[in-house]
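Inspection log for the structure reproduced underneath, given as structure tokens.
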Amino acid sequence: MVLKASELKVGDTHQQQVAENLSRTQIVQYAGASGDYMPLHTDEMYAREIAGYPGVFAHGMLSMGATGVMLTNWVGDGRLTKYSARFTRQVWPGDDLTAKATVTEIHEDDGQQVVELDIVTVNQDDQPVIAGKATARIDA
Amino acid sequence: MAEFKFPVDASQIMLFARSVGDNNPIYHDAEHAKGTEPGGIVAPPTFVQASSQYDPKFALRPVIGKPWFGSGKEATGLKPKAKKADDGAKKDSGDSSARMLHAEQQYVYHKPIRPGDDLTVTTKRGNSWEKEGRRGGTMAFSEVITEYRDSSGELVVTATSVGVTTGKAVTQD
């Protein structure tokens, strides 16, 4: 899919569910694939007894990666030029995540049409877990 | 400034995409990928995180033969620093690694990452600052800037990571 400046306007939104009943197993998968073996995310005993959390929670980068699924599905493969995220709330096993993008600006940069997006990913209670921005190349 | 090599292969891209729940075939199906705009398998947007596998000094990976701070028989494999040997093993509130969280991540993409890329990773410290937080007490932020360059020295991805060390476990509200 490729977005076209002629078919987009500021305020347009797009969303996709990117996690459903997030499993501890997926968190383990992310630990293994990313190499981030921080026990807080995969080790219930450590998370409770040493770190003082109610239990394990997902890597912020797992949520950012999942949010990226929505982005690349919408703007197209290889089209992102910038992507940033702040981690505003922890994501727990069992959470559902929905990633949303809102068009904030469409402009030309060096002859290339570009879209600026605000991103928010919310959990099943509509609480933001990620607040971010992205920039992507689009067609005219 | 630290530097290490990050060789990129197709299986690692496939495993990484799976782990973030991305079933886009461009991350695992070379035939499909030929027909896409990038013209081949590329890495998903946050893939460079996997470079930590190759970082010789990465602290969040167990080192063979050394105690690991995650649980084994006890909740942590590290020995307490207290003089009294046994009873202080748990609840070592001085373990600041447990208080280190990722606050923010930024990427700038210069060109796609592809299987076969032999990336060179350089990291340097950016800014650091402190803030009083509502959820976690005093919060100390610090930036790390990581550049990923291909074998011709061209920038592929620039990543900025903001970490925060909190005074206590972060509460939800």
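The values are calculated or read from the model by the stated rules, or taken from the named source; none is laboratory data. Predicted model, so just to flag it, every value in this text is computed and none were measured. All Cβ positions, glycine included, derive from the backbone under ideal geometry; neighbour counts span all protein chains shown. Keep in mind that these areas ignore ligands, DNA and RNA; they rest on the heavy atoms of the full protein, side chains included. Shrake-Rupley method; radii C 1.70, N 1.55, O 1.52, S 1.80 Å.
Could you go through region A:111-128 and let me know if any residue there is small (Gly, Ala, Ser) and in a strand (DSSP E or B). Give the derivation first.
Within region A:111-128, the subset small (Gly, Ala, Ser) is A:111.
Now restrict to residues that are in a strand (DSSP E or B): none.
No.
Take the residues of region A:60-86 that are crowded, with 23+ Cβ neighbours inside 10 Å and under 30 Å from B:LEU78 (Cα atoms): which is nearest to the chain's Cα centre (by Cα)? Only one residue tops the list, namely A:SER63. Considering the conditions (1) modelled with pLDDT under 95; (2) not in a loop (DSSP other than H, G, I, E, B), B:THR120 is excluded by exactly one of them, (1). Taken over region B:20-29, residues that are part of a loop (DSSP other than H, G, I, E, B) and either within 9 Å of another protein chain (Cβ to nearest Cβ) or within 20 Å of the chain's Cα centre (by Cα) (or both) amount to 5.
Could you tell me whether region A:17-30 includes any residue that is on the phi < 0 side of the Ramachandran plot, in contact (Cβ under 8 Å) with a residue 60 or more places away in the chain, open to solvent by 50 Å² or more (accessible area, probe 1.4 Å) and touching a helix residue (DSSP H, G or I) at 6+ places or on another chain (Cβ under 7 Å)? No, region A:17-30 contains no residue that is on the phi < 0 side of the Ramachandran plot, in contact (Cβ under 8 Å) with a residue 60 or more places away in the chain, open to solvent by 50 Å² or more (accessible area, probe 1.4 Å) and touching a helix residue (DSSP H, G or I) at 6+ places or on another chain (Cβ under 7 Å). Across region A:40-50, the number of residues qualifying as facing another protein chain (nearest Cβ under 8 Å), crowded, with 21+ Cβ neighbours inside 10 Å and either touching a Pro at 6+ places or on another chain (Cβ under 6 Å) or free of Cβ contacts under 8 Å to residues at least 12 places away in the same chain (or both) comes to 2.
Rundown of residues vs (1) in a loop (DSSP other than H, G, I, E, B); (2) open to solvent by 20 Å² or more (accessible area, probe 1.4 Å), yes/no style:
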{"residue": "B:GLU3", "(1), (2)": "no, yes"}
{"residue": "B:SER11", "(1), (2)": "no, yes"}
{"residue": "B:ARG18", "(1), (2)": "no, yes"}
{"residue": "B:GLU31", "(1), (2)": "no, yes"}
{"residue": "B:VAL48", "(1), (2)": "no, no"}
{"residue": "B:GLN53", "(1), (2)": "no, yes"}
{"residue": "B:PHE58", "(1), (2)": "yes, yes"}
{"residue": "B:GLY65", "(1), (2)": "yes, yes"}
{"residue": "B:ALA75", "(1), (2)": "yes, no"}
